[in-house]
Amino acid sequence: QVQLVESGGGLVQPGGSLRLSCAASGRIFSINAMNWYRQAPGQQRELVATAATGGRTNYADSVKGRFTISRDNAKNTVYLQMNVLKPEDTAVYYCNALVELDGRPGFYDYWGQGTQVTVSS
(Lines give C-alpha, C1' and ligand atoms only; values in the text may rest on other atoms or scores of the structure.)
Protein backbone atom coordinates (compact mmCIF):
# COMPACT_ATOMS: atom_id res chain seq x y z
CA GLN A 1 0.00 0.00 0.00
CA VAL A 2 2.88 2.37 0.78
CA GLN A 3 6.45 2.16 -0.48
CA LEU A 4 9.46 4.00 0.90
CA VAL A 5 12.39 4.18 -1.49
CA GLU A 6 15.75 5.38 -0.20
CA SER A 7 18.70 6.63 -2.22
CA GLY A 8 21.99 8.42 -1.72
CA GLY A 9 24.10 5.95 0.21
CA GLY A 10 27.64 5.02 -0.73
CA LEU A 11 31.30 5.11 0.23
CA VAL A 12 32.79 8.34 1.55
CA GLN A 13 36.01 9.30 3.28
CA PRO A 14 36.04 10.49 6.88
CA GLY A 15 35.07 14.15 7.05
CA GLY A 16 33.01 13.88 3.89
CA SER A 17 29.30 14.37 3.26
CA LEU A 18 26.37 12.41 1.90
CA ARG A 19 22.71 13.22 1.42
CA LEU A 20 20.11 10.49 1.78
CA SER A 21 16.63 10.76 0.31
CA CYS A 22 13.50 8.75 1.01
CA ALA A 23 10.37 9.11 -1.10
CA ALA A 24 7.04 7.70 0.05
CA SER A 25 4.37 6.68 -2.45
CA GLY A 26 1.09 4.82 -2.48
CA ARG A 27 -2.28 5.30 -0.80
CA ILE A 28 -1.12 8.12 1.43
CA PHE A 29 -3.58 10.49 3.06
CA SER A 30 -1.06 12.08 5.39
CA ILE A 31 2.28 11.37 6.99
CA ASN A 32 2.95 12.03 10.64
CA ALA A 33 6.59 11.57 11.62
CA MET A 34 9.32 10.68 9.15
CA ASN A 35 12.46 9.22 10.66
CA TRP A 36 15.89 7.88 9.85
CA TYR A 37 17.30 4.86 11.68
CA ARG A 38 20.58 3.05 11.22
CA GLN A 39 21.95 -0.36 12.02
CA ALA A 40 25.62 -1.21 12.13
CA PRO A 41 26.86 -4.82 11.96
CA GLY A 42 26.25 -6.58 15.26
CA GLN A 43 24.38 -3.59 16.67
CA GLN A 44 20.74 -2.85 17.36
CA ARG A 45 18.87 -0.48 15.09
CA GLU A 46 19.01 3.04 16.48
CA LEU A 47 17.01 6.19 15.85
CA VAL A 48 19.18 8.84 14.17
CA ALA A 49 16.78 11.70 13.45
CA THR A 50 13.09 12.53 13.51
CA ALA A 51 11.07 15.11 11.58
CA ALA A 52 7.54 15.73 12.81
CA THR A 53 4.74 17.14 10.67
CA GLY A 54 4.97 20.60 12.20
CA GLY A 55 8.69 20.89 11.49
CA ARG A 56 10.04 19.87 14.87
CA THR A 57 13.20 17.77 14.63
CA ASN A 58 15.20 15.63 17.02
CA TYR A 59 18.58 13.97 16.75
CA ALA A 60 20.61 11.29 18.44
CA ASP A 61 23.38 12.83 20.50
CA SER A 62 25.98 11.11 18.32
CA VAL A 63 24.91 13.06 15.20
CA LYS A 64 23.85 16.44 16.61
CA GLY A 65 25.56 19.29 14.80
CA ARG A 66 26.60 17.05 11.91
CA PHE A 67 23.34 15.66 10.49
CA THR A 68 20.26 17.59 9.37
CA ILE A 69 16.87 16.05 8.66
CA SER A 70 14.36 17.86 6.48
CA ARG A 71 11.05 17.14 4.77
CA ASP A 72 9.31 18.14 1.57
CA ASN A 73 5.71 17.43 2.47
CA ALA A 74 4.46 18.15 -1.05
CA LYS A 75 6.67 15.33 -2.31
CA ASN A 76 6.27 13.02 0.71
CA THR A 77 10.04 12.97 0.89
CA VAL A 78 12.49 13.13 3.77
CA TYR A 79 16.18 13.91 3.51
CA LEU A 80 19.18 13.36 5.75
CA GLN A 81 22.15 15.61 5.12
CA MET A 82 25.18 14.03 6.75
CA ASN A 83 28.32 16.12 7.19
CA VAL A 84 31.67 15.50 8.88
CA LEU A 85 31.10 11.77 8.56
CA LYS A 86 33.00 9.43 10.83
CA PRO A 87 33.83 5.72 10.49
CA GLU A 88 31.40 5.01 13.32
CA ASP A 89 28.59 6.37 11.12
CA THR A 90 29.01 3.30 8.91
CA ALA A 91 25.70 1.44 8.87
CA VAL A 92 22.64 0.59 6.84
CA TYR A 93 20.32 3.59 7.03
CA TYR A 94 16.57 3.02 7.03
CA CYS A 95 13.76 5.44 6.38
CA ASN A 96 10.62 5.08 8.49
CA ALA A 97 7.27 6.84 8.24
CA LEU A 98 4.05 6.85 10.23
CA VAL A 99 1.37 7.02 7.54
CA GLU A 100 -2.36 7.61 7.51
CA LEU A 101 -3.77 5.70 4.57
CA ASP A 102 -6.35 7.09 2.19
CA GLY A 103 -9.72 5.67 3.21
CA ARG A 104 -8.47 3.78 6.26
CA PRO A 105 -8.41 5.25 9.78
CA GLY A 106 -5.34 5.06 11.94
CA PHE A 107 -1.61 5.42 11.40
CA TYR A 108 0.61 2.64 10.08
CA ASP A 109 4.34 2.12 10.29
CA TYR A 110 6.32 1.67 7.06
CA TRP A 111 10.02 1.05 6.39
CA GLY A 112 12.32 1.45 3.45
CA GLN A 113 14.68 -1.27 2.26
CA GLY A 114 17.78 0.43 3.63
CA THR A 115 20.79 2.06 2.02
CA GLN A 116 24.41 1.34 2.93
CA VAL A 117 26.63 4.17 4.14
CA THR A 118 30.32 3.33 4.52
CA VAL A 119 32.79 5.85 5.91
CA SER A 120 36.34 4.72 5.29
CA SER A 121 39.64 5.95 3.95
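The values are calculated or read from the model by the stated rules, or taken from the named source; none is laboratory data. What you see is a predicted model, and the numbers here were worked out from it, not measured in a lab. FYI the Cβ positions are ideal-geometry reconstructions off the backbone, even for glycines, and counts take in every protein chain you see. These area figures cover heavy atoms from the full protein model, side chains too; ligands, DNA and RNA do not enter into them. Shrake-Rupley method; radii C 1.70, N 1.55, O 1.52, S 1.80 Å.
Some observations on this one:
- Residue pairs meeting the criteria (Cβ under 7 Å; at least 6 apart or on separate chains; first under 19 Å from Thr77 (Cβ atoms) and at pLDDT 95 or above, in region 2-22; second surrounded by fewer than 14 Cβ atoms within 10 Å (Cβ to Cβ) and among the hydroxyl-bearing types (Ser, Thr, Tyr)): Gln3/Ser25; Ser21/Ser7
- When Tyr59, Tyr79, Tyr110 are screened for being in contact with a Leu (Cβ under 6 Å, 6 or more places away or on another chain) and among the hydroxyl-bearing types (Ser, Thr, Tyr), only Tyr110 passes.
- Close Cβ contacts (under 9 Å, 6 or more residues apart or on different chains) running from residues in region 57-81 that are under 23 Å from Phe29 (Cα atoms) to residues that are hydrophobic (A, V, I, L, M, F, W, C) and open to solvent by 40 Å² or more (accessible area, probe 1.4 Å) comprise Lys75/Ala23; Asn76/Ala23; Thr77/Ala23; Val78/Ala23.
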